[in-house]
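This report concerns only the one structure given below.
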Amino acid sequence: MQTEKYAYMRVDLPAYRFSPITDADGEEIIDLFNYYIENSFAAYPEQKVPYGFFSLFLEAAKKYPSVVAHPDNGPLAGFGLLRPHNPMSAFRHSAEITYFIRPDMTGKGLGTAMLGHLEAAGKERGITTLLASISSLNEGSIRFHESHGFRHCGRFCNVGIKNGMVFDTVWMQKFL
């Protein structure tokens, strides 16, 4: 669970308010997710998802840390969450990380702040290992994770096809 000490973080630009994902964030989260579905390999679905898809994000965020980032008096700038890597109790100390940032907000420190927030909240929950599954065609995300202490730990070759393009999933890991 999030505590007050994670409620506010500052990055290069304005102040950002960080709070857990709630029902009120649904449409903005799905709109942002759909942007990445249509314009990148960061999100794996091939077609836009309906607003009802938000229930999957809420379910994943129920017992794990989640975050939405809003600049002071502004629309959603990004969201992220930790979710179970595997539902078996033997894996309770590991989590997969997912985050999406509005395209005009990337490269300005928000991703770093969101990652720091999720790491701190994950540690508080007992998470010791973060895992990231990244499309091999999402080179920016791979570079971001490398620069923030994630190490390559595996690769599944030619397992995805999106928009007629075959891609690998690159697995990266960070110990907290």
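Annotation: of all residues in segment 150-176 being more than 16 Å from the chain's Cα centre (by Cα) and assigned to a loop (DSSP other than H, G, I, E, B), the one that is surrounded by the fewest Cβ atoms within 10 Å (Cβ to Cβ) is 164.
If you check 35, 44 for being among the hydroxyl-bearing types (Ser, Thr, Tyr), part of a loop (DSSP other than H, G, I, E, B) and either modelled with pLDDT under 95 or surrounded by fewer than 19 Cβ atoms within 10 Å (Cβ to Cβ) (or both), only one passes: 44. Residue 114 falls short of the stated requirement of being of a type in the set (A, V, I, L, M, F, W, C) and more than 11 Å from the chain's Cα centre (by Cα).
Selection over segment 130-149 of residues that are in contact with a strand residue (DSSP E or B) (Cβ under 7 Å, 6 or more places away or on another chain) and either part of a strand (DSSP E or B) or buried (at least 18 other Cβ atoms within 10 Å of the Cβ) (or both) gives a count of 11.
Of the residues examined, residue 25 is one that is buried (at least 18 other Cβ atoms within 10 Å of the Cβ) and either assigned to a loop (DSSP other than H, G, I, E, B) or of a type outside the set (A, V, I, L, M) (or both).
Taking segment 106-124 as the range and being assigned to a loop (DSSP other than H, G, I, E, B) and of a type in the set (Ser, Thr, Tyr) as the test, only 106 passes.
Can you tell me which residues in segment 54-69 are in a strand (DSSP E or B), under 15 Å from residue 31 (Cα atoms) and of a type outside the set (Val, Ile, Thr)? Within segment 54-69, 69 is the sole residue that qualifies.
Residues checked against (1) within 17 Å of the chain's Cα centre (by Cα); (2) more than 23 Å from residue 125 (Cβ to Cβ):
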| site | (1), (2) |
| --- | --- |
| 33 | yes, yes |
| 44 | yes, yes |
| 56 | yes, no |
| 65 | yes, no |
| 79 | yes, no |
| 84 | yes, no |
| 87 | no, no |
| 91 | no, no |
| 102 | yes, yes |
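Within the set 127, 97, the sole residue that is crowded, with 18+ Cβ neighbours inside 10 Å and either touching a helix residue (DSSP H, G or I) at 6+ places or on another chain (Cβ under 8 Å) or not in a loop (DSSP other than H, G, I, E, B) (or both) turns out to be 97.
The values are calculated or read from the model by the stated rules, or taken from the named source; none is laboratory data. In this text the structure is predicted, and so the values were computed from the model without any measurement. FYI the Cβ positions are ideal-geometry reconstructions off the backbone, even for glycines, and counts take in every protein chain you see.
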